[in-house]
Amino acid sequence: MKPKLSIGMLEKRRDAKLKQLAGVGPLLQGSLGEIRVTCGNPNCRCARGHKHRSHILKREVRGKTQSLYVPVDMVEEARKWVEEHRRVKRLLTEISELNRSILKAYVPTKRARAANRGAAKRASPVIARTARLERQNKLE
């Protein structure tokens with residue numbers, strides 16, 4: 001079981017993740033893959049089984065897969081962009097989870113404070129009377 005972290009600690013972690021987003025470079029959604037194709041020339045080596053290598057970028061849009069040809073001289077750059085997209089997506093997920101944890105921690109903390117105030121008022125009628133008199137003086 002994970003130890004519970006304070007809201008301040010969770011906010012520090014979230015802020016550190018947000019700072020990492022500041023260094024975002026070019027990014028590209030999808031998966032880079034390699035396929036083997038034939039060119040159609042009967043005299044080419046691909047006609048004898050040694051197919052040409054080609055790189056494509058695949059992504060899903062509205063339930064359909066889209067493919068995009070990636071030129072050989074752009075493959076490494078496209079690979080970096082895809083990895084940057086994955087890194088940013090991971091960071092956003094982590095930030096979202098930290099924000100959820102902050103919300104979860106905030107509610108019990110606020111309830112505990114309210115319960116403590118109520119218990120203090122119930123425990124000492126003098127304190128409650130003093131608070132009531134102070135409120136009345138402010139109104140006058």
So, in the range 61-92, exactly how many residues are within 27 Å of Gln20 (Cα to Cα) and not basic (Lys, Arg)?
13
Complete set of residues in the range 1-49 that are surrounded by 11 or more Cβ atoms within 10 Å (Cβ to Cβ), closer than 22 Å to Val72 by Cβ and under 32 Å from the mean Cα position of the chain (by Cα)
Leu27, Leu28, Gln29, Gly30, Ser31, Leu32, Gly33, Ile35
So, in the range 1-40, how many residues would count as being aliphatic (A, V, I, L, M) and either more than 26 Å from Ser101 (Cβ to Cβ) or in a loop (DSSP other than H, G, I, E, B) (or both)?
9
Quick test for you: out of Val88, Val75, Val107, pick the one residue that is over 16 Å from the mean Cα position of the chain (by Cα), at negative phi and either part of a loop (DSSP other than H, G, I, E, B) or at pLDDT 95 or above (or both).
Val75
If we ask which residues in the range 1-59 are among the basic types (Lys, Arg) and more than 23 Å from Val82 (Cα to Cα), their number turns out to be 8
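The values are calculated or read from the model by the stated rules, or taken from the named source; none is laboratory data. Not measured: the values here are computed from a predicted model. For neighbour counting, all protein chains shown are included, and Cβ atoms are generated from backbone atoms with ideal geometry for every residue, glycine included.
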